[in-house]
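**Q** Take a look at the following structure, please.
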Amino acid sequence: MVNKATELKSMTIERTRPAGSFIKAVTAVVWKDVRAEFRSRELFSAMLVFSLLIILIFNFALELDIKTRQSVTAGVLWATFAFAGTLGLNRSMAIEKDRGCLDGLLLAPVDRSAIYFGKMISNLAFMLIVEIIVLPVYSVLYSVNLFQPGLLLVILLGSIGYVAVGTLLAAMSVQTRTRDILLPILLFPVVIPVLLAAVKASSGFLSGAELAEILLPINLLIAYDVIFIAVAFMVFDSVVEE
Amino acid sequence: MITVKKLVKRFGLKIVLRGVDLEVQPGEFVALLGPNGAGKTTFLRILASLSRPTLGEVNIAGYQLPNQASQVRARLGVVSHLPLLYGDLTAEENLRFYGRMYGLTDLEQRISEVLEMVGLETRRRDLVRTFSRGMQQRLAIGRAVLHDPDVVLFDEPYTGLDQDASSMLDEVLKTVAAKGRTVVMTSHDLARAEDLATRFDILSRGVISASASRKELRKTNLLSFYKQALAG
């Protein structure tokens, strides 16, 4: 009980570093997100069910021949990932806001960009897991082989760019009353360059285009990833502070 | 330990704090009282480095805000009316997470000490979402003192607690203060503030309008002092 321990045993609390190690803080945030999601499965199940519903709806809506299906695959896939991604990003930040946990994170003596990178990595992990499940389902429904190393690389690069800017904007929108509707309105215009490059590169791999033709959108994806991560690294502190 | 000079905070056109001056000595327990909308929470959020001052100086434990915010945060514990805890993690997982964020060594031993202090050692493996409001608030205090801070800020810690939970929280607060920590607490509960604090400051219309120590208050009671300060 409370009065049983009136004095703490350890008089001095040792810290491994005065202001916190960046990597350890990032790891702690990822560990916390994965652990909490493993229990609740709220974010993951919402994203997965929503993704599967979208590809099913497209499957019924586009009763096309196999050749045409291949040509729309990239668009359908990225529309699915983008819509499902907003659900995950919203939920991921809403968890931080609901019990004031975002303040708890911001009170830690670490560089606040470590919080951003922690949230970004866990959001990316959840998005990639959903994509790994969606791809074989899509392959079966649309009779398209999606398991090509080049396409998987594009999905990874596109997801990084999407989550990089999405995590930053989710941190911004979660502080407003209209957070659920504000995130897609803010996110989609900003993420269009990533989606366009990802669709172009994905189409290239699916249609068996020359590598030289696909290299440009892939390079663009890499450039967008670097730019979005760098911008988020620089502005995250200002976004979360009043 | 805490020095605030001519602190101004503005949100757009609305000025919430209009030049707050405050000095808190090491080991003091200051109750910051005032009506709703007086700016108490805004003031505490600035001390906690969660909000930037528009103008003025804030110095905590020898470090300036906002420039040395990271050093200040390492010496600061904050308890608000929200628990700042994850419902899908257990009590010990919450403390382990925050301990890692603060870079603590001997974390497992420290977690056990803190859980014992707040009387939750038997519930350490239970999910926080299954806790009552009072238990969550006690764990929130454990989280705030996990890194043994020099300064602890309490923002309306009794909000939503019943009498039993409030009495239990009193004991935890006394334990926290008994370690010689500097404490600043905002509250509407004058009786509890009178019981716990060593000094009483009234924040009204964005400034500290009156201040009195426990000794000075012996001649009158806190309620009369509070009413006089607001009337003046």
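The values are calculated or read from the model by the stated rules, or taken from the named source; none is laboratory data. A quick note: this is a predicted structure, and the numbers were derived from the prediction, not measured. Every residue, glycine among them, receives a Cβ derived from its backbone with ideal geometry; neighbour counts consider all protein chains shown.
**Q** Cβ-Cβ distance below 6 Å, separation of 6 or more or different chains: which pairs start in the stretch B:160-187 with a residue that is farther than 20 Å from residue B:2 by Cα and of a type outside the set (A, V, I, L, M, F, W, C) and end on one that is part of a loop (DSSP other than H, G, I, E, B) and modelled with pLDDT of 80 or more?
**A** Short answer, once both residue conditions are applied: B:166/B:158.
**Q** Moving on to the next point. Tell me, which residue of the stretch B:72-81 that is more than 7 Å from chain A (Cβ to nearest Cβ) and in a loop (DSSP other than H, G, I, E, B) is nearest to residue A:92 (Cα to Cα)?
**A** B:81
**Q** OK, next. With the structure loaded, tell me whether residue B:84 is at positive phi and either at the interface with chain A (Cβ under 8 Å from one of its Cβ atoms) or under 21 Å from the mean Cα position of the chain (by Cα) (or both) or whether it fails that test.
**A** It is true that residue B:84 is at positive phi and either at the interface with chain A (Cβ under 8 Å from one of its Cβ atoms) or under 21 Å from the mean Cα position of the chain (by Cα) (or both).
**Q** Of all residues in the stretch A:38-74, how many are in contact (Cβ under 8 Å) with a residue 12 or more places away in the chain and polar (S, T, N, Q)?
**A** Final tally of qualifying residues: 5.
**Q** Applying the selection to the stretch A:157-180, what residues are of a type in the set (Val, Ile, Thr) and more than 15 Å from residue A:119 (Cβ to Cβ)?
**A** Correct list: A:176, A:178.
**Q** Test of understanding: among B:100, B:96, B:18, which residue is under 23 Å from residue B:200 (Cβ atoms) and either at the interface with chain A (Cβ under 8 Å from one of its Cβ atoms) or of a type in the set (D, E, K, R) (or both)?
**A** On inspection, the qualifying residue turns out to be B:18.
**Q** So, one more: Determine which single condition residue B:59 fails, assuming it passes every other condition in (1) in a strand (DSSP E or B); (2) within 9 Å of chain A (Cβ to nearest Cβ).
**A** The failed condition is (2).
**Q** Picking from A:112, A:39, which residue would you name as being at pLDDT 85 or above and within 7 Å of chain B (Cβ to nearest Cβ)?
**A** A:39
**Q** Continuing with this model, one more query. Which residue pairs have Cβ atoms closer than 9 Å, lie 6 or more positions apart in sequence or on different chains, and pair a first residue in the stretch B:133-147 that is within 11 Å of chain A (Cβ to nearest Cβ) and closer than 14 Å to residue B:123 by Cβ with a second residue that is among the aromatic types (Phe, Trp, Tyr) and surrounded by fewer than 24 Cβ atoms within 10 Å (Cβ to Cβ)?
**A** Pairs that qualify, where the first residue is within 11 Å of chain A (Cβ to nearest Cβ) and closer than 14 Å to residue B:123 by Cβ and the partner is among the aromatic types (Phe, Trp, Tyr) and surrounded by fewer than 24 Cβ atoms within 10 Å (Cβ to Cβ), are B:138/B:131.
**Q** Also, I was wondering about something else. How many of the residues making up the stretch B:83-109 are assigned to a loop (DSSP other than H, G, I, E, B) and in contact (Cβ under 8 Å) with a residue 24 or more places away in the chain?
**A** Result for the stretch B:83-109: 8.
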